[in-house]
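Here is the structure we will look at, set down as structure tokens.
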Amino acid sequence: MIVIALRHADRTQADALSPAGERRAELLARMLGETRVSVAFRSQFNRAKDTLVPLKARLPDLRIEEIAVAQAEASEDYAKRIAAAVRALSADAVVAVIGHSDTVGPTIAELRGGQIDPIGENEFDKMFLLFVAPDRPASLLRLRYGEPT
């Protein structure tokens with residue numbers, strides 16, 4: 001299984017993408033448009049939804065599943081629910097997980113990809129590729145995409 005994990009695109013103070021975030025979301029769609037990604041998980045927040053809009057336009061069959069963050073839910077608990085949903089998919093799945101600064105790291109850890117450095121409040125350009133197998137720790141590739149933040 002291949003899991004592409006990242007924080008939502010650049011945002012405004014409101015729950016919306018900034019112009020830079022809209023450009024980053026378009027770039028994400030271009031980058032993932034031929035990857036066979038078939039499922040994307042995201043939270044209920046507009047910034048996560050809007051990050052996936054260009055990818056959904058490019059891949060109309062993309063299944064987007066909302067896993068809402070419960071009020072006062074710890075990021076580690078949310079990550080456990082995301083990881084369980086990912087692990088429930090077939091071993092050959094290509095999956096995108098659009099998270100938040102406090103959920104991407106715990107999600108990677110739950111998928112046995114190890115620890116990552118914290119994602120800063122204004123950091124939107126990190127992308128992580130995990131190669132997940134049930135019988136060993138995941139291999140993790142750390143990338144940057146789009147304009148540096």
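The values are calculated or read from the model by the stated rules, or taken from the named source; none is laboratory data. In this text, all values refer to a predicted model and were calculated from it rather than measured experimentally. Cβ: placed from backbone, ideal geometry, glycine included. Neighbour counts: every protein chain shown.
General remarks:
- The residues of region 33-53 that are part of a helix (DSSP H, G or I) and either crowded, with 21+ Cβ neighbours inside 10 Å or out of contact with any Lys or Arg (no Cβ under 8 Å at 6 or more places or on another chain) (or both), listed by number, are 46, 47, 48, 50, 51, 52, 53.
- Test result for residue 23, basic (Lys, Arg) and out of contact with any Pro (no Cβ under 9 Å at 6 or more places or on another chain): yes
- Which numbered condition residue 65 misses (of (1) surrounded by 15 or more Cβ atoms within 10 Å (Cβ to Cβ); (2) under 13 Å from the mean Cα position of the chain (by Cα); (3) under 20 Å from residue 129 (Cα atoms)): (1)
- For region 108-123, the tally of residues that are surrounded by 11 or more Cβ atoms within 10 Å (Cβ to Cβ) and over 25 Å from residue 20 (Cα atoms) stands at 7.
- Filtered residues of region 35-57 (kept if under 11 Å from the mean Cα position of the chain (by Cα), of a type in the set (A, V, I, L, M, F, W, C) and under 19 Å from residue 73 (Cα atoms)): 41, 48
- Looking across region 7-32, the residues that are in a loop (DSSP other than H, G, I, E, B), surrounded by fewer than 20 Cβ atoms within 10 Å (Cβ to Cβ) and of a type in the set (Gly, Ala, Ser) come down to 14, 16, 18.
- Residue list for region 101-136, restricted to those being modelled with pLDDT under 95 and more than 24 Å from residue 26 (Cβ to Cβ): 133, 134, 135, 136
- Taking strands (runs of 3 or more DSSP E) as the structural unit, those lying wholly within region 65-149 and holding at least 1 residues that are farther than 20 Å from residue 47 by Cα and of a type in the set (Phe, Trp, Tyr) correspond to 126-133.
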